[in-house]
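**Student:** Below is one structure. I have some questions about it.
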Amino acid sequence: MTQTTRILMVTSDDQRTTTRQALALQDFEIVDTPEYTAAHALLLDSHFDLVVIKSDGAARDSIEFIKCVRATPQLAGILILIMAEWGTGEPTLALAAGADAFEPIDAQPFDPSRLISSIERLLGRQEAAANLEIL
């Protein structure tokens, strides 16, 4: 029996419903919140495999959240994927702060299949690393 992948989405935009529906169709369990403080509390209270941050342009907030998650020992294994615009510097800052992956959101309309592909690659990479540790 496979365990359902739990994803915490941190986004406050109008694409949240579309993103949530696309991920739920892939049998991911989705919990979302628009606030970083609530997201951190949820991460501490429950198990999640991945955090997807959809930047609302406030790079400072998302970067501080990533740093806070990375500084919390019990959240060391959580994967973080940030969705942000190229040219803002945020993707580079997020990766430097500890995000595991970046998905550009410049393309309009939003294409959920690109996000799903990024998530599956990231989760596959984590699974492969876990299998190597067993050997």
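**Student:** Given the structure, is S118 within 13 Å of the chain's Cα centre (by Cα), touching a residue at least 12 places away in the same chain (Cβ under 8 Å) and either farther than 22 Å from A41 by Cα or surrounded by fewer than 16 Cβ atoms within 10 Å (Cβ to Cβ) (or both)?
**Tutor:** Answer is yes for this residue.
**Student:** Right, next: Could you figure out which of (1) surrounded by 13 or more Cβ atoms within 10 Å (Cβ to Cβ); (2) closer than 21 Å to E120 by Cα isn't true of L42?
**Tutor:** Looking at each condition in turn, L42 falls short on (2).
**Student:** Can you tell me which of (1) in contact (Cβ under 8 Å) with a residue 24 or more places away in the chain; (2) farther than 21 Å from T19 by Cα is the one A41 doesn't meet?
**Tutor:** Every condition holds for A41 apart from (1).
**Student:** I'm checking my understanding of the structure. Among residues of segment 73-91 that are modelled with pLDDT of 90 or more and not in a strand (DSSP E or B), which one is most open to solvent (accessible area, probe 1.4 Å)?
**Tutor:** Step by step, filter segment 73-91, then rank; the result is Q74.
**Student:** Kindly evaluate R70 against the criterion of being at pLDDT 95 or above, open to solvent by 30 Å² or more (accessible area, probe 1.4 Å) and among the charged types (D, E, K, R).
**Tutor:** yes
**Student:** Please identify the pairs in which a residue from segment 48-67 that is over 15 Å from A38 (Cα atoms) has its Cβ atom under 7 Å from the Cβ atom of a residue that is in a helix (DSSP H, G or I) and of a type in the set (D, E, K, R), counting only partners at least 6 apart or on another chain.
**Tutor:** Qualifying pairs under 7 Å: S55/E90; A59/E90.
**Student:** Please count how many residues of segment 59-79 are over 17 Å from S117 (Cβ atoms) and either touching a Pro at 6+ places or on another chain (Cβ under 6 Å) or of a type in the set (A, V, I, L, M) (or both).
**Tutor:** Qualifying residue count, segment 59-79: 8.
**Student:** Looking at (1) over 23 Å from R114 (Cα atoms); (2) assigned to a helix (DSSP H, G or I); (3) open to solvent by 80 Å² or more (accessible area, probe 1.4 Å), which one does H47 not meet, given that it meets all the others?
**Tutor:** (2)
The values are calculated or read from the model by the stated rules, or taken from the named source; none is laboratory data. Note that the structure is a prediction, hence the values are computed from the model and not measured. Note that we place each Cβ from the backbone using ideal geometry, even for glycine, and neighbour counts take in every protein chain shown. All accessible areas refer to the heavy atoms of the entire protein, side chains included, with ligands and DNA or RNA removed. Shrake-Rupley method; radii C 1.70, N 1.55, O 1.52, S 1.80 Å.
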